[in-house]
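Coordinate-derived values only; no laboratory data. Since the structure is predicted, the reported quantities are computational estimates derived from the model, not experimental observations. Neighbour counts are summed over all protein chains in view; Cβ atoms, including those assigned to glycine, are modelled from backbone coordinates with ideal geometry.
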Amino acid sequence: MTPVSTSTDAVMAAQVLVSKGVQAFFAMAGQYVFASFEALKKVCDQARLPVFSSESGLVARGAVPPMARISTPGGGRLGRRPHAFSKR
């Protein structure tokens, strides 16, 4: 496997992974992910796949937060969002 070195590489890698049947993506913080996030999300949206991220900036741009605090009443509601994507 070749490392991703441009934002275009990131999108092409996402397309290859979709064609191989991945069920979800986890977007980690990084310059190529930040630069290409909308294109990555478009690839995933077209394939009806969720993009999870623990990076608040990516969550604000449409990624799904992967974890929620379930020790609070609001945590249960937040936990249902990733669960709903997993049922697609």
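Details
- Residue order, fewest to most beta carbons within 10 Å, for V18, V33: V18, V33
- Sequence-ordered 3J(HN,Hα) estimates for region 34-46 from the Karplus curve with 6.51, -1.76 and 1.60 and θ = phi - 60° stand at 4, 5, 10, 4, 4, 5, 4, 5, 4, 4, 5, 4, 5 Hz, glycine and proline given as x.
- Taking 0.36 nm per residue of sequence separation and removing the Cα-Cα distance, the D9/F34 pair yields an extension gain of 7.7 nm.
- Centre separation in Å (Cα based) which lies between region 32-54 and region 8-27: 9 Å
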